[in-house]
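Below: one structure, written as structure tokens.
The values are calculated or read from the model by the stated rules, or taken from the named source; none is laboratory data. The shown structure was predicted, so the numbers you read here are calculated from the model rather than taken from an experiment. Quick reminder, even Gly has a Cβ in these numbers, built from the backbone with ideal geometry, and neighbours come from all protein chains shown. SASA here: full protein model, heavy atoms, side chains in, ligands and nucleic acids out. Shrake-Rupley method; radii C 1.70, N 1.55, O 1.52, S 1.80 Å.
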Amino acid sequence: MEPRSASPLEKSTVLTLESRTGDAAALLERRERHLAAVQEHYFADPPVIERGWRHHLFDTDARPYLDMVNNVAAVGHAHPRIADAVARQLNLLNTNSRFNYASIVEFSERLAALLPDPLDTVFLVNSGTEAVDLALRLSWAWSGRRDVLAVREAYHGWSDAADAVSTSVADNPQALETRPAWVHTLDAPNAYRGRYRGADAHRYAADAVAAIERMRAEGAPPATFIAEPFYGNAGGMPLPDGYLQAVYPAVRRAAGLCIADEVQVGYGRLGEFFWGFEQQGVVPDIVTVAKAMGNGHPLGAVITTREIADHYRSQGYFFSSAGGSPVSSVVGLTVLDILADDRLQENARVVGAHLKAQLEGLAEKHELIGAVHGLGLYLGVELVRDRTTKEPAPRETAMICDRMRELGVIVQPTSDRQCVLKIKPPLTLSRAGADYFVDTLDAVLTHGW
Ligand SMILES: Cc1ncc(COP(=O)(O)O)c(C=O)c1O
């Protein structure tokens, strides 16, 4: 059916036939006509998703799905407290951070209180990419140098600077060949399938320290070292024990700063730890946060020391039109309240441990499961064709995700080899939801995909 009005402005407010009846193919065709194709979508034939509730999604045929991918909706989809808080604030005021209003102050205080000393100074932005970009600029302003050290197989965002330090070939097949000269990379410290495995994994740290020393000797010491403190992009793997405890001091000996990218793994998801860096027993110089902190509302933050933040002055002043707006700050505060009141970090710890144990049980039954990685509700099930050679099984992983979707579970592949089922559901996931996921995966692995 044609929209009722010929005016493009009115068109956008008219519900189309596809969105009312859920004609998924027709909606997809329209999407492809005007939305950039590189802004990709899940699944070849995606259902039309109309609403969410806690860790469930519903399509326009009222079909429910268990949502195992939406880490951004950390406190659950459609949380009424967030909806109410946003509506109230939009009816009151939404402006920019140059005005003096309480919510930005309270939110900054709450964020600073979540971090150890001396991380007490907050910048508010709109995304993880912006947070990473700003963190890199802070380290450049601080050190007066440009060289950056990053671990391979990582993703940090899409802006020029954040993309430059993103080395995952799953996100960009040319990632390794197209790094600018100021980006230096370290081995992905993957204890399952990297250069050093199992008990040898401690050697990644020694190699990293040697690389930093080499950069110093060559007169180009790193201005900064950036890494996820828990390896999200590899499928939720802990870094080898002691890795950051060796690398951070070496970077600081070179007068560089250490950035912990907590965009994916921080904010309670690991259950036992609120921040990924706690698992490594270190304190970074700069922390980047986004995703969960806004529960889908565009919100990101950089938290650092007063001294590092003040060095930004050499670049001018800092302003982001919507960063830390009254609405964004209220969303951020409400998410923190819900995390505490609904005890979601604790839920991640308990349900995550149960889910991991169940998945490890499945691994005993199905040869295709090479390993179960992760902690809390950041888990990865790595699928291999051969447990000895660890040959990745990306085709099988993709087909399993499609079959799981048919059976009512949304799960997606990750890692440079696209052979890891990434498990990062809303932190509301219940024990029953975890069991449903395991039973469905068991059925698919048993009966085929
Ligand atoms: C570790 C990490 N850093 C940064 C980003 C970029 O965040 P955003 O998509 O909010 O720009 C992502 C996004 O996936 C991420 O996983």
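Sort out which residues of the stretch 148-165 are in contact with a strand residue (DSSP E or B) (Cβ under 8 Å, 6 or more places away or on another chain), under 15 Å from V132 (Cα atoms) and either assigned to a loop (DSSP other than H, G, I, E, B) or not β-branched (V, I, T) (or both), and write them in order of number.
L149, A150, A154, H156, A164, V165 - these are the residues of the stretch 148-165 that are in contact with a strand residue (DSSP E or B) (Cβ under 8 Å, 6 or more places away or on another chain), under 15 Å from V132 (Cα atoms) and either assigned to a loop (DSSP other than H, G, I, E, B) or not β-branched (V, I, T) (or both).
With respect to A85, determine if the residue is in contact with a helix residue (DSSP H, G or I) (Cβ under 6 Å, 6 or more places away or on another chain) and either at pLDDT 95 or above or in the same structural domain as S321 (by TED's automatic domain parsing) (or both). Spell out how you get there, then give the answer.
Values: in contact with a helix residue (DSSP H, G or I) (Cβ under 6 Å, 6 or more places away or on another chain): yes; either at pLDDT 95 or above or in the same structural domain as S321 (by TED's automatic domain parsing) (or both): yes.
For A85, the condition - in contact with a helix residue (DSSP H, G or I) (Cβ under 6 Å, 6 or more places away or on another chain) and either at pLDDT 95 or above or in the same structural domain as S321 (by TED's automatic domain parsing) (or both) - is met.
Strands (runs of 3 or more DSSP E) wholly in the stretch 169-273 with at least 1 residues that are more than 17 Å from I286 (Cβ to Cβ) and either out of contact with any Leu (no Cβ under 9 Å at 6 or more places or on another chain) or not charged (D, E, K, R) (or both) - which ones? Lay out the reasoning, then the answer.
On the way: elements: 183-186, 224-227, 257-261.
Per the criteria, 183-186.
Picking from A36, A44, which residue would you name as being open to solvent by less than 100 Å² (accessible area, probe 1.4 Å), in a loop (DSSP other than H, G, I, E, B) and at pLDDT 95 or above?
Working: A44 fails: at pLDDT 95 or above.
Within the list A36, A44, the selection yields A36.
Working only within the stretch 111-131, note down all residues that are under 18 Å from V335 (Cα atoms) and within 13 Å of the ligand (Cβ to nearest atom).
V125, N126, S127, G128
Which members of the stretch 48-83 meet the condition of being assigned to a strand (DSSP E or B) and out of contact with any Asp or Glu (no Cβ under 8 Å at 6 or more places or on another chain)?
Within the stretch 48-83, the subset assigned to a strand (DSSP E or B) is 49-54, 56-59, 64-67, 77.
The answer is R51, W53, R54, P64, L66, D67.
Does the stretch 316-344 hold any residues that are open to solvent by less than 20 Å² (accessible area, probe 1.4 Å), more than 17 Å from V125 (Cβ to Cβ) and either among the acidic types (D, E) or part of a loop (DSSP other than H, G, I, E, B) (or both), and which are they?
none
Can you pull out every residue in the stretch 138-159 that is open to solvent by 40 Å² or more (accessible area, probe 1.4 Å) and more than 13 Å from the ligand (Cβ to nearest atom)?
W142, G144, R145, R146, R152
Which residue, of R403, R349, R343, is touching a residue at least 40 places away in the same chain (Cβ under 8 Å) and either in the same structural domain as S108 (by TED's automatic domain parsing) or under 30 Å from A113 (Cβ atoms) (or both)? Reasoning before the result, please.
Values: R403 fails: either in the same structural domain as S108 (by TED's automatic domain parsing) or under 30 Å from A113 (Cβ atoms) (or both); R343 fails: touching a residue at least 40 places away in the same chain (Cβ under 8 Å).
Step by step, each of R403, R349, R343 is checked, and only R349 is touching a residue at least 40 places away in the same chain (Cβ under 8 Å) and either in the same structural domain as S108 (by TED's automatic domain parsing) or under 30 Å from A113 (Cβ atoms) (or both).
If you scan the stretch 423-434, which residues turn out to be assigned to a helix (DSSP H, G or I) and touching a helix residue (DSSP H, G or I) at 6+ places or on another chain (Cβ under 7 Å)?
Step one: of the stretch 423-434, the residues assigned to a helix (DSSP H, G or I) are 431-434.
R431, A434 - these are the residues of the stretch 423-434 that are assigned to a helix (DSSP H, G or I) and touching a helix residue (DSSP H, G or I) at 6+ places or on another chain (Cβ under 7 Å).
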